[in-house]
Each structure stands twice: as structure tokens, then as C-alpha cells.
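Since the structure comes first, as C-alpha cells, the remarks are kept for the end.
The values are calculated or read from the model by the stated rules, or taken from the named source; none is laboratory data. Bear in mind that the values here come from a model prediction, so they are computed numbers and not experimental data. Neighbour counts are summed over all protein chains in view; Cβ atoms, including those assigned to glycine, are modelled from backbone coordinates with ideal geometry. These accessible areas exclude ligands, DNA and RNA; they are computed on the full protein's heavy atoms, side chains included. Shrake-Rupley method; radii C 1.70, N 1.55, O 1.52, S 1.80 Å.
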Amino acid sequence: MSTATELQRQELQSQEDAAQLANEINRLEAALKQMKDELKTYVKAYGSVDTGDEVWDFYESVSWKFDRDYLKELAGEIAMEGIDPWEMLNISKANINKLGWDEQRLSQLGTKKVTQRFTSRKN
């Protein structure tokens with residue numbers, strides 16, 4: 001069996017080579033997840049880890065959820081700043097899905113944006 005490094009040195013020539021590489025990626029990602037979990041446990045217990053190049057620690061990620069009763073006021077204040085509020089306020093994909101509208105209905109109201117994301121999915 002070839003390793004990922006060996007497969008990287010040569011072009012993939014077959015479906016079997018590609019499947020081998022995909023399996024190696026899955027193995028490495030599982031190992032990476034396990035290593036990160038171990039590092040998280042350490043950082044929780046003892047604090048941040050400085051590698052010299054970077055610092056591993058827990059960092060806050062901040063987001064805001066606005067009360068539905070104040071969304072109109074929020075849009076008004078954005079407009080008062082001279083900014084089009086409709087350029088800033090979007091409906092999430094999850095909320096669009098909750099509507100249950102088909103693509104024909106959605107295309108009457110907006111423009112579909114499709115991006116490509118390279119990932120795997122379970123069979």
C-alpha cells in the first residue's frame with residue numbers, strides 16, 4: 001500500500017490510487033482531530049501553549065442575534081448611517097430552508113450563488 005507521501009510524489013493514475021489517497025486523508029484527519037482534542041484538554045488544564053510560531057488557546061468568537069422586535073429599528077439606524085440596510089441584512093441558508101420554498105419561487109426574489117467546496121460526505 002502506498003502512503004500519502006508516496007502518492008504525492010507521483011500523479012494519481014487510477015481510481016484505486018485516488019481511493020487510497022482519500023483513505024489516507026481520512027486517517028490523517030482522524031489523527032489530527034485526536035491530537036487537537038488532547039491539546040484542548042491540556043490547554044484547559046494548564047493554559048495556552050506557545051510554540052514560538054503561534055499560540056494555541058481558546059479564543060472568543062463573537063456574533064450577535066437581534067431581537068425580532070428591534071430589527072425594523074436596526075434597519076432604520078443603518079439607513080441613518082447612510083448605508084443600505086438590505087445590503088447588510090441577509091437570511092441564512094438554514095432559515096431559507098425552513099421556508100420550504102422551491103428554487104423557482106426563490107429565483108423570483110433573489111439570485112442564487114453557488115460555490116464549490118471540496119469535502120467528503122458519508123455514503
Starting from the Cα gyration tensor of the stretch 68-108, multiply each eigenvalue by 5, take the square root, and state the resulting semi-axes largest first in whole Å. 26, 12, 7
Please compute the length gained on full extension between A79 and N26, using 0.36 nm multiplied by the number of residues separating them and subtracting their Cα-Cα distance. 14.3 nm
Check cross-link reach from K113 to the aspartates and glutamates: straight Cα distance under 16 Å, and skip same-chain residues fewer than eight apart. E87, D102, E103
Fluctuation leader among L106, L39, L28 - the chain, Gaussian network, Cα springs under 10 angstrom: L106
Heavy atoms of V43 accessible to a 1.4 Å probe, total area in Å² rounded to 10: 10
Portion, in percent, of the accessible area of the chain that falls on carbon or sulfur, probe 1.4 Å: 51
Compute the helix-to-body angle for 15-46: its Cα long axis versus the longest principal axis of the chain, expressed 0 to 90° and rounded to tens. 70
7 Å from Cα along Cα→Cβ at both S120 and A19: what's the point-to-point distance in nm? 1.3
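Under a Cβ-only charge scheme (Lys and Arg +1, Asp and Glu -1), can you give me the dipole magnitude of the stretch 15-56 about the Cα centre, in debye to the nearest 20? Mind dumping the intermediate values first?
Working: 5 positive and 9 negative charges, 65 e Å.
For this selection, approximately 320 debye.
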Ordered by number, the GluC sites (Glu not before Pro) in the stretch 1-102 that occupy a DSSP loop and have at most 11 other Cβ atoms within 10 Å are E11, E54, E60, E81
Using 1/(1 + (r/R0)^6) with R0 = 22 angstrom and r between the beta carbons of L106 and Y70, what's the FRET efficiency to the nearest 0.05? 0.25
Work from the charge dipole of the chain (Cβ charges, +1 for Lys and Arg, -1 for Asp and Glu, about the Cα centre) and give the residue of G100, G52, S14 farthest towards its positive end. G100
Enumerate by residue number the trypsin sites (Lys or Arg not before Pro) in the stretch 30-73 meeting two conditions: DSSP loop (anything except H, G, I, E, B), and at most 15 other Cβ atoms within 10 Å of the site's Cβ. K65
Quick one: helix 71-80 against the long Cα principal axis of the chain, what's the angle to the nearest 10°, folded into 0 to 90? 80
Exposed chymotrypsin sites (Phe, Trp or Tyr not before Pro) absent - longest run of the chain, DSSP non-H/G/I/E/B, at most 11 other C-beta within 10 Å: 1-57
